[in-house]
1. Full extension from Ser106 to His24: what is 0.36 nm times the residue separation minus their Cα-Cα distance, to one decimal in nm?
2. With a cut-off of 8 Å between alpha carbons and a minimum separation of six or more residues, what is the relative contact order of the chain in percent?
3. Kindly provide log₁₀ I(q)/I(0) values, in the same order as q = 0.08 Å⁻¹, from the Debye equation applied to equal alpha-carbon scatterers of the chain.
4. How far is helix 107-139 tilted off the main Cα axis of the chain, in degrees rounded to 10, range 0 to 90?
5. Quick check on the chain: helices-only [θ] at 222 nm, where DSSP H runs of length 4 and up contribute -39,500 (n - 2.57) each and the sum goes over total residues. Nearest 500, please.
6. Could you tell me the number of lysine pairs in the chain with C-alpha atoms less than 30 Å from each other, where the two lysines are 8 or more residues apart or belong to different chains?
7. Taking Cα atoms, how many degrees apart are the long axis of helix 43-54 and the longest axis of the chain, rounded to 10 and kept between 0 and 90?
8. Round to the nearest 0.05 the FRET efficiency obtained for Ser139 and Ala160 when R0 = 30 Å and r is the Cβ-Cβ distance.
Amino acid sequence: MKTPFEKTDGRRASRPSFEPLATHELELADFFVRMAGILGVPRSVAEIYSLLYISIKPLDFDLIQGRLGMSKGSVSQGLKFLRDQGMILSVKEKGSRRELWHPTPSLATSLVSLLRSQVLPALEQSAPALQRVLDGVQSDNASPEVLERLARLKRWNSRALELFPLLLPPPTEA
């Protein structure tokens with residue numbers, strides 16, 4: 001008796017097998033996962049970017065999914081995130097409808113885009129929250145040490161908001 005994948009009644013004869021990641025590919029993925037973690041970017045996104053970054057040619061969805069062993073949803077969301085951040089580009093081969101993916105030419109530009117989209121909004125959203133915390137602690141008659149700690153944190157956030165745009169090159173027009 002044939003298994004469902006061996007049947008030939010219109011179904012796929014077998015599932016494709018994918019080459020496992022090599023040691024150097026795993027090490028690069030680990031690097032990107034650690035860097036992405038600093039920015040709060042999901043592990044799956046970093047792994048997808050790593051695979052695209054080290055690949056000599058653009059990769060299609062199925063190959064990415066198969067090599068990384070990810071669900072379709074994770075790959076789809078990861079590719080969308082990377083595309084929206086300007087970190088990857090989609091290409092199509094002549095005569096094919098399949099979408100292929102590869103990293104943008106400049107890692108620096110990609111990282112600046114990611115910092116702008118992840119870090120700056122977090123700093124901006126933190127400012128009013130930190131003020132509310134400080135106001136709440138003051139109304140609770142907190143100790144001077146706690147008040148000073150929170151005031152320092154609020155000042156740090158304000159300075160980061162002032163300096164952050166100066167540390168990055170100006171955004172490029174799309």
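We did not get these values from a lab; they are worked out from the coordinates using the rules stated. Source: prediction; values computed, not measured. In this analysis, Cβ positions are derived from the backbone assuming ideal geometry, glycine residues included, and neighbour counts consider all displayed protein chains.
1. 27.4 nm
2. Computed value for the chain: 15 percent relative contact order.
3. These q points yield log10 I(q)/I(0) values of -0.41.
4. That helix lies at roughly 40 degrees to the long axis.
5. After summing the helix terms and dividing by residue count, I get -21000 deg cm²/dmol.
6. Count of close lysine pairs: 11.
7. Approximately 60 degrees, to the nearest 10.
8. For Ser139 and Ala160, the calculated efficiency is 0.70.
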